[in-house]
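Colleague: Have a look at this one.
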Amino acid sequence: MTQAKTKPITFDEYLAHDDGTDKCYELINGELIEVPPETEENAYRAFSLLMALSKFIDIRRLKVQKLEVEVPALPGMPSNRQPDLTVLDEGHIEEMAAINQMAIRFSMNPPLMVVEVVSPYGGRSDANYRRDYEDKRQQYQQLGIPEYWIIDPTAQQVTVLVLVDGQYQSSVFKETQMIVSTTFPELEVIAKDVLLV
């Protein structure tokens, strides 16, 4: 007996998908793949940065998780990402209200900044490391996101990637170093403030 192949779903169908659970999914090659939910520690780190940003950015433009970002579907990679923290531009609020979805689509400007907190890993070949340092970096760069932060509790460092002529240039911040953001130069936060739980 052969099993019928299911029809691949589109990004629109993915956004409309509701199986009545709180499960998280990635859309890979038209198939929903369940992924583990974010840890409370990672959410806390993202929230700490949100608090620092909220001093000069409208809180409605700061989203911790639960926001879909449509990204280039590179081979073997999802066509959606849910950054730990996303900074929207002013137009996104109205655009998302118009489509009644918490999603940044290709038809919209890219987010101003995305932040990912790396889950624990055992080395550079570990999937958690590769996902944030390689896969997401490549997708966010192609999407044209001006600034991408990688908060890495394992290495105890924050990597800030800034888009320069279509390529990310990186700077690493540790311990009591003040993190430098070109997108938000008024931001005053030191590395350990977003690394510690």
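Colleague: Count, please, the residues in region 152-177 that happen to be in a strand (DSSP E or B) and surrounded by 12 or more Cβ atoms within 10 Å (Cβ to Cβ). Show your work before the answer.
Modeller: Within region 152-177, the first condition is being in a strand (DSSP E or B), and the residues that meet it are 152, 157-164, 167-173.
Retained after the next criterion (residues that are surrounded by 12 or more Cβ atoms within 10 Å (Cβ to Cβ)): 152, 157-163, 168, 170-173.
Residues flagged as in a strand (DSSP E or B) and surrounded by 12 or more Cβ atoms within 10 Å (Cβ to Cβ) within region 152-177 amount to 13.
Colleague: Look at ALA43 and say whether it is assigned to a helix (DSSP H, G or I) and closer than 23 Å to ASP135 by Cα. Reasoning before the result, please.
Modeller: Working: assigned to a helix (DSSP H, G or I): yes; closer than 23 Å to ASP135 by Cα: yes.
It is true that ALA43 is assigned to a helix (DSSP H, G or I) and closer than 23 Å to ASP135 by Cα.
Colleague: Pairs please, first residue from region 77-101 and part of a helix (DSSP H, G or I), second anywhere and open to solvent by 10 Å² or more (accessible area, probe 1.4 Å) and not acidic (Asp, Glu), Cβ atoms under 6 Å, 6+ apart in sequence or on different chains.
Modeller: ILE93/ARG60; GLU95/MET108
Colleague: Still on this structure, please answer the following. How many residues are under 25 Å from VAL158 (Cβ atoms) and either open to solvent by 20 Å² or more (accessible area, probe 1.4 Å) or in contact with a Pro (Cβ under 6 Å, 6 or more places away or on another chain) (or both) if we restrict to region 89-103?
Modeller: Residues in region 89-103 being under 25 Å from VAL158 (Cβ atoms) and either open to solvent by 20 Å² or more (accessible area, probe 1.4 Å) or in contact with a Pro (Cβ under 6 Å, 6 or more places away or on another chain) (or both): 1 in total.
Colleague: Just to verify a result, which residue in region 22-52, among those that are aliphatic (A, V, I, L, M) and within 16 Å of the chain's Cα centre (by Cα), is surrounded by the fewest Cβ atoms within 10 Å (Cβ to Cβ)? First the steps, then the outcome.
Modeller: Keep residues of region 22-52 that are aliphatic (A, V, I, L, M), which gives 27-28, 32-33, 35, 43, 46, 49-52.
Right, trim to within 16 Å of the chain's Cα centre (by Cα) and you get 27, 35, 43, 46, 49-50.
Details: LEU27: 22, VAL35: 13, ALA43: 16, ALA46: 24, LEU49: 25, LEU50: 19.
Ranking the candidates gives VAL35 first.
Colleague: Which is of a type in the set (Val, Ile, Thr), touching a Cys at 6+ places or on another chain (Cβ under 7 Å) and on the phi < 0 side of the Ramachandran plot, of VAL71, VAL35?
Modeller: Values: VAL71 fails: touching a Cys at 6+ places or on another chain (Cβ under 7 Å).
Among VAL71, VAL35, only VAL35 is of a type in the set (Val, Ile, Thr), touching a Cys at 6+ places or on another chain (Cβ under 7 Å) and on the phi < 0 side of the Ramachandran plot.
The values are calculated or read from the model by the stated rules, or taken from the named source; none is laboratory data. Keep in mind that what you see is a predicted model, and the values were worked out from it rather than measured. FYI the Cβ positions are ideal-geometry reconstructions off the backbone, even for glycines, and counts take in every protein chain you see. Accessible surface areas use protein heavy atoms only, side chains included; no ligands, DNA or RNA. Shrake-Rupley method; radii C 1.70, N 1.55, O 1.52, S 1.80 Å.
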